[in-house]
Amino acid sequence: MTRWVLSHRLPVVLVWVVVTLAGGALSSSTISKLSFESRLPDKPSQAANDALARKFSQTGGKNAPLLLVVTVPDGATVDSADVRTQWSDLIAKVTPQGGRSVSYAGPGGEALVSADKRTTVALVYPPAERSSVPYAQSLPGIKAEVEQVRIAGVPVELTGQPVLSGRDSGAQRSPILETLVGALGALVVLGLVFASGLAIVPLLMALVAIPTTFLLVRGITGLTDVSFIVQYLVALIGLGIAIDYALLIVTRWREERQKPGSDGPDPQARREAVVRAVASAGRAVALSGATVAISLAALVVLPVPFLRSVGYAGLLIPLVSVAIAITLLPVMLYAWGDKLDRPRRAHRPDSKLWSRIAGVTTRRPVLCAVLSGAVLLGLAAPVLALRLGQPATVTLAQGGRPAAAYQRIVEAGFGEGIARPLEVIVDQSGGEAMHTALAGLEGVAGSVAPADWARGGQRIVDVWTKADPSRSAGRSTVTKVMDVAKDTPGALAGGGPATDVDFIDAVYGSLGLILLFVALLTFVVLARTLRSVVLPVKALILNALSTCAAYGVVVLVWQKGYGSEALFNTPAIGAVTIWIPMAVFAFLFGLSMDYEVFILHRIRETHLELSAEGEHDTVVPSVVTGISRTGRLVTSAAFVLFLAFVALASIPITDVKVFATALAAGIIIDATVVRGLLTPALVTLLGRSNWWFPRSLGRLLVTTPGRAPGPRTRPADDAVGQEGRAV
């Protein structure tokens, strides 16, 4: 294939130039087509939210209300006629056209006065926009109106989830700045690796990969909604993966170019150096891209369009990067590789540092396996405390007037769940009965059912919990409310808390089957390529452990708060947003498998070469050679991806920060503890059993369908890169 590409260099380059220019020209319009919707088809909460959107002009549903609160001075109460009139006038002014609100000054709002009659709260639902900032249009005017009013001599405070979360104003910016920062950091790393003009080559491949992927994403937007988060993933994860794959092939090309007979100016020598490099490293790149794509298939099969779109786009990232690495990159190396590799100097394929590390791990494999395994398990231990859900409101209430106002609401006895009430839609004739039934449930702090919250024969009852809905006690109460609605004909429970419960069920209800699907498919691909049963099983176990370690870091930093303020200037969120662990698994499982593939591929290649030379004890030499020749490469590639994730963490969206934290931690843990220490130690301990491959499984996985299995090729012919010969 590489020879064909080199024989058709001009058409190959022209195709990629056209695709890149088209993708770049259309990127802004592609981003404008991305969706902010997060739907749950066939779930009761989605049906309730859709009914609210249709009949109540996009007010409420999964969008939490704004809260207005006032506490009158000692000796006064909100029952006085003056306070009631002022409060009623204010709520009328801040309720936009098409919005809805409830307060104690109107019918149905009796639960919105504290026991001591000094504090009152109002719920205001402005019409929402289909964006990540649903109240962006109406909130500035509401803020201005509230700031002008004083009741009983004290100011009125504005709070609520939309204000406390920091998503009350502004718009999402494009990822251009973060991509440039990530590219600059990657250029520094590549400069240290190559110390020549070759450092620019992987970046050029990324420059082609990103707009190409955006062009393909544009095609997907014509078929289904694609989440706005995809733009950040394509730009920054695409940057890292494209550079990583190009880095592997360029490094191998440089090694091939320095072999005797391959380093001259003869075009045939240059051509064969490229062919050998792609025949070996290109196969590893293709295998890595396949494993990343397989793990991302876990998102594609989920019944959640938001995550499914992330899976579609995620699949494109490695596939495009692989295509560029095995078509455009060989042309680049053949035409410009020698010119860019200046100043020309002797290149050592073996790293002294990693040779010493490999020597230690192979001499003391048990000690290294125990110590590195203990570190991995220690990092993974906090995952047992992982709590899924939206961040608890109290964790958002960290300083400032909105935070103090929310704390005052809780202290006045209204309950933490008032910031995120459930919205039950019921037939108008059963509104009062539903109101009474929900108010009497254990764990319910209050409920309201204003008479004017009725339209089209249906009525809304808002109910909120004593404990925050993200906590176990609050979620238990939410489930009770949903059960009551389920048992009532014509009733549906919506709102953020109900959506969370259904989201967890949709994403994790079939988790076991999804994980089994990914594991089996990955095993088949690895076993077929590595011709081993043991190595794929070991890789799957280590990947699962490193992914759990990344979850553990997220729990420590974001849920417990150890470092979130120092690293991100953001308080702990108390819970991990529901979609993040699944998305982290899909991306991290595949990305970390990249490095396992790079290492095992090189170990196997060395094993085959030594076997062809008649060596019997090939395990330790293969491990030492494999680690010494891939350690520097894996470290550099991991650091490039780490910088891309650091840039991703600078996006001003808390969920994206948490997602990026998990990916960054997972990549660093994987490239150091797992691939640098645990993998070589375990391969050494397993010895010759690493290459155990039953003949029956070999026929099943390797033999071309329709052909009888032929005799095994000789070890020399079996080695990867032997002039393009296949197993």
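The values are calculated or read from the model by the stated rules, or taken from the named source; none is laboratory data. Just so you know, these numbers come straight off a predicted model, no measurement behind them. Ideal geometry is used to build each Cβ from the backbone, glycine not excepted, and the neighbour counts take in all protein chains shown. The protein model used for the area step is the full one, side chains on, heavy atoms only, and it has no ligands, DNA or RNA in it. Shrake-Rupley method; radii C 1.70, N 1.55, O 1.52, S 1.80 Å.
In this structure, the residue pairs whose Cα-Cα separation is over 32 Å, taken from 62/560; 466/560; 33/339, are 33/339.
Remark: the chain carries 39 Å² of accessible area per residue (probe radius 1.4 Å; ligands, DNA and RNA excluded). Under a straight-distance cross-link criterion of Cα-Cα below 20 Å, which lysines are reachable from residue 55, leaving out those fewer than 8 residues away in the same chain? Leaving aside lysines fewer than 8 places away in the same chain, those within reach of residue 55 are 43.
The gain in end-to-end length when the residue 80 to residue 268 segment is fully stretched comes to 58.1 nm, 0.36 nm per residue minus the alpha carbon separation.
Packing order of peptides 62-72, 22-32, highest average first: 62-72, 22-32 (average count of other Cβ atoms within 10 Å over each peptide's residues).
The loop-placed trypsin sites (Lys or Arg not before Pro) in segment 488-561, going by DSSP, include none that has at most 13 neighbouring Cβ atoms within 10 Å of its Cβ. Summing Cβ point charges (Lys, Arg +1; Asp, Glu -1) relative to the Cα centre of the chain gives a dipole of roughly 2620 debye. When peptides 305-312, 237-244, 142-149 are sorted by average Cβ neighbour count within 10 Å, with the highest value leading, the order is 237-244, 305-312, 142-149. Roughly speaking, to the nearest percent, how much of the chain's 1.4 Å accessible area is carbon and sulfur? Answer for the chain is 61 percent, counting heavy atoms of protein chains only. In percent, how large is the relative contact order of the chain, given Cα pairs closer than 8 Å and 6 or more residues apart? Reported relative contact order: 18 percent.
For the peptides 510-520, 578-588, 331-341, 541-551, the ranking by mean Cβ contacts within 10 Å, running from highest to lowest, is 578-588, 541-551, 331-341, 510-520.
Once both labels are positioned 7 Å from their Cα atoms along Cα-to-Cβ, the gap between residue 50 and residue 401 label points is 4.1 nm.
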